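Encoded as structure tokens, the structure appears first; notes follow it.
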Amino acid sequence: MPNHATDTGPATPAEATTPGRAVPATPPPGPGGKRVRKRGERGPLASLALHLGLLAAVVVAVFPPFWLLVTSFKPRNEAFGLDLVKDFTTENYTHVLGETAFLTWFGNSVLVVVLTVALGVFIASTTGYALSRFKFPGMRPLLWTLLITQMFPVAVLIVPLYNLMAKFQLLNQPIGLVITYLTIAVPFCAWMMKGFFDTIPISIDESGRVDGLSPFGTFWRLVMPLAKPGIAVTGFYSFVTAWAEVAYASAFMTGEDELTLARGLQTFVNQYTQDWGSMTAAAVLIAVPAALVFGFAQRYLISGMTAGAVKS
């Protein structure tokens, strides 16, 4: 029997694919036979420039801590050498840990940080929850007060805070630093926690009250477990505020046994001594706990900061 099927030629790319799934048409060539790029598509030179820029940014960001680590393993007389570790030594770490008050400073910093984080998270969470769920007289002035307190630079606040600490005999006391750091961390964290609590449905609070929970019981048992990303950001911000702060620690803590780590670093390099090897070793030791805390809280940071920024 004759074959009445007509030969339509080779199948097009759209026909060769699964039925119902067409391949996007290739842009027609431009003048001279050159392919026309789609809108937003980068050319080879633009891609090369972008990758070179990103590589330069990575080098700028990574080089200082890398060189700090390298210098910490150099002998003291080679601290300013441009070579990598030529005579590897752990003398700087041995000196810092065994012949200085570094461990005492470390204990002081841990005490201040733990109190700051615990109190900061609790106060910021309760404040943010109250601002998110309740309407009360003076609410808007309180919000503006929390915001305005972030506008004052450290140099302006040192003198009045120093006078307050001296009046209440809190100089050279860890609790004095804790109170000072709370004045820095709590306003920002309260704003952020309010924004995060705004994303949690009010129906959860209502169901808790139906089950007989008090407002605080609803907050503690139902809402707080849902606020882990916001708590992580609040705790991390409070940690960084207390762990790496220098200005207030230098003004309020003077005795060697009361110094924190950030203030203790200044004893290695000042107008009388320049022990760069010990300073770099101590700086590396200080950075390790901060890196561990960041690694632990990293998965919560982006979602928590985004929620606080968008909803506040």
### Query
By per-residue mean of other Cβ atoms within 10 Å, what is the highest-first order of 156-168, 266-278?
266-278, 156-168
### Whole-Å distance, taken between Cα centres, linking the range 58-100 and the range 152-211
38 Å
### Task
Provide, for the range 108-311, the number of lysine pairs with alpha carbons under 18 Å apart, each pair being eight or more places apart or on different chains.
5
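Readers should treat all values here as calculations from the given coordinates under stated rules, not as data from a laboratory. From a predicted model like this one, the values you see are computed outputs, not experimental measurements. We place every Cβ from the backbone using ideal geometry, glycine too, and count neighbours over all the protein chains shown.
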